[in-house]
Every structure is written in C-alpha cells, then in structure tokens.
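Below: the structure, in structure tokens.
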Amino acid sequence: MFTVEDRARLRAELLADAAADVRLSGAAITGSGAAGREDRWSDVDLAFGVRDGAAVAEVLDAWSARMYGRYGAVDHVDVQAGAWIYRVFLLRSTLQVDLAFAPAAEFRPLGPAFRLITGAAGEAALAPAAHPGWLAGMAWLYALHARSALARGKRWQAEYMISGVRDYALALACTRYGLATAHGRGIDELPAEVTSTFEAALVRGLDREELARAFRAAMDALMGELRAADPALAERLKQTLLEIAAEL
C-alpha cells in the first residue's frame, strides 16, 4: 500500500522529468491535488502539453516505459476525450497515476482543478455542467430497460438498470446543489434529507419482488427530482413514468 509520502515523491519526480522533457510544452497538476482536496486515498493526476512536431503517441510510449520500468506499473487503461489521451496506470503499490497528454494547442484547463507547474497553457475551456434534461433522459432510458429486463427474467441486468435510474436521479439532485454530477463525486455532499429518500431504491436482493420494489422506489425518487429540477418536464413525463412503474 502506498503512503502519502510515496505519492508526493512520485509526483515531484514526474514533474521534474516533465520540466526536462523538451517534447513537452507544459505540465500541470490536476484533480484533487490541484484543488486542495487530497486525502489518504487520492491518486496522482498530471497533464502535459506536447509541442508541435512531437508525436503524442511516441511521447506517451516513452512515459509509459518510465511508469513500468521505474515505478512498477502493472497495467494501464486509456481514456480518450477529443484531442486528449488519459493513460491511467495501476502501480504495484495500488497507487493510481493518471497522465493526460494533449497537443500544445489543446493544452488548457478543462475544469477548475488545474494548476500549471511548468511551461504554458491556453485559455481555460471549462466543460459545461451536465444538463438536467440530459440526466432525466438517461434516467428514463434506464427505466425502460429495467422494465424489459424484469419482464424477461434477467435479474442481474434489471439490478444494473434500476441502479442506473437511481444514480441518474441522484445526479439530478446534485445539479440542484451545484455539486459534481460525474462518477458520484457530489453525492456524499448532498443533504441527508435528500439522500435518505434514495435509500429505498437500493436493491437488496435478486428476487422479482425485491427488484420491483426497488424499481418503484427509484422511480418515485426520480419523479421527486424531476419536479424540483424542471416542473414542466416532470409534468410531461409523469404519466408515462407512472405507467412504466405500474406495469410491475
């Protein structure tokens, strides 16, 4: 298990390597380390700009060799968003290290958690918060699939879809309080009187009666959040959502 000191030392070494790498136009700390929210379990989040004329793939390969050879990475996974490539490493110590690379012209803050350490970055281009209408749409989409999974006797798929209804409804609640909606990051900051209404939507077993009960509770919670977020949309969806839940 890594220690806080291990994490700080590794991050400092990577930033020093970045400052010496002529292929990089800039380096920044992102995530909780940039926002002053680190705790015992935080990972390492760094972002790098790649100068014109340097191939992002080659730079990525070189830094990957460093992570495996020097720091004991055991695996990695890539996530691509536009021109950015996020390579997420798992170290033997269980530390997660996220290294993001983008062409210099695209290297800029994409969120508030961005602290430039070396080089230069472009003007911030902050991504808009998730729109309540989109979250509502994802919730009713999961609800439709929960209904069909239950009707087909696909209990595990039903559990997955019911949890999706609940989670998107919780994301709707987060928008009301100006909290992060992605990956459940804002849920624990919601008031207890809000989260308590979702407890009944937790699936506690895979028998049909329990799945149906949790589904109805998730739909009730979703309707409550829809009324708070967009009363007109809630009214438009109300009868259809009630029919989806009532069929069970």
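The values are calculated or read from the model by the stated rules, or taken from the named source; none is laboratory data. Quantities reported herein were computed from a predicted structural model and do not represent experimental measurements. Cβ atoms come from the backbone with ideal geometry, glycine included; neighbour counts cover every protein chain shown.
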statement: Residues of the range 15-32 being in a helix (DSSP H, G or I) and without any contact (Cβ under 8 Å) to a residue 40 or more places away in the chain, in sequence order, are A16, A20
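Within the range 197-248, track down each residue that is β-branched (V, I, T) and within 24 Å of the chain's Cα centre (by Cα).
Answer for the range 197-248, where residues must be β-branched (V, I, T) and within 24 Å of the chain's Cα centre (by Cα): T197, V203.
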- prompt: Considering A218, A214, A200, A171, which residue is surrounded by 15 or more Cβ atoms within 10 Å (Cβ to Cβ), touching a Phe, Trp or Tyr at 6+ places or on another chain (Cβ under 9 Å) and part of a helix (DSSP H, G or I)?
  reply: A218
message: Going by what's in this entry, would A245 be described as part of a helix (DSSP H, G or I), in contact with a Ser or Thr (Cβ under 6 Å, 6 or more places away or on another chain) and farther than 30 Å from A35 by Cα?
response: no
Top-ranked residue of the range 56-101 - restricted to ones that are among the small types (G, A, S) and in contact with a helix residue (DSSP H, G or I) (Cβ under 9 Å, 6 or more places away or on another chain), ranked as surrounded by the most Cβ atoms within 10 Å (Cβ to Cβ): A73
query: Taking M138, is it in a helix (DSSP H, G or I), within 25 Å of A81 (Cα to Cα) and of a type outside the set (V, I, T)?
result: yes
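Given the structure, is R11 assigned to a helix (DSSP H, G or I), surrounded by 13 or more Cβ atoms within 10 Å (Cβ to Cβ), in contact with a strand residue (DSSP E or B) (Cβ under 6 Å, 6 or more places away or on another chain) and not aliphatic (A, V, I, L, M)?
Judged against the criteria, R11 is a match.
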field: Members of the range 20-55 found to be exposed (fewer than 13 other Cβ atoms within 10 Å of the Cβ) and either of a type outside the set (V, I, T) or at pLDDT below 95 (or both), listed by number
entry: A20, G36, R37, D39, R40, W41, D52, G53, A55
query: Would it be correct to say that G178 is assigned to a loop (DSSP other than H, G, I, E, B), surrounded by fewer than 19 Cβ atoms within 10 Å (Cβ to Cβ), not assigned by TED's automatic domain parsing to the domain that holds D52 and not hydrophobic (A, V, I, L, M, F, W, C)?
result: yes
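Here's the yes/no breakdown for (1) closer than 27 Å to E189 by Cβ; (2) among the hydrophobic types (A, V, I, L, M, F, W, C); (3) outside the structural domain of H183 (by TED's automatic domain parsing):
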{"site": "L10", "(1), (2), (3)": "no, yes, yes"}
{"site": "L14", "(1), (2), (3)": "no, yes, yes"}
{"site": "D61", "(1), (2), (3)": "no, no, yes"}
{"site": "Y68", "(1), (2), (3)": "no, no, yes"}
{"site": "V77", "(1), (2), (3)": "no, yes, yes"}
{"site": "A81", "(1), (2), (3)": "yes, yes, yes"}
{"site": "Q96", "(1), (2), (3)": "yes, no, yes"}
{"site": "L99", "(1), (2), (3)": "no, yes, yes"}
{"site": "A113", "(1), (2), (3)": "yes, yes, yes"}
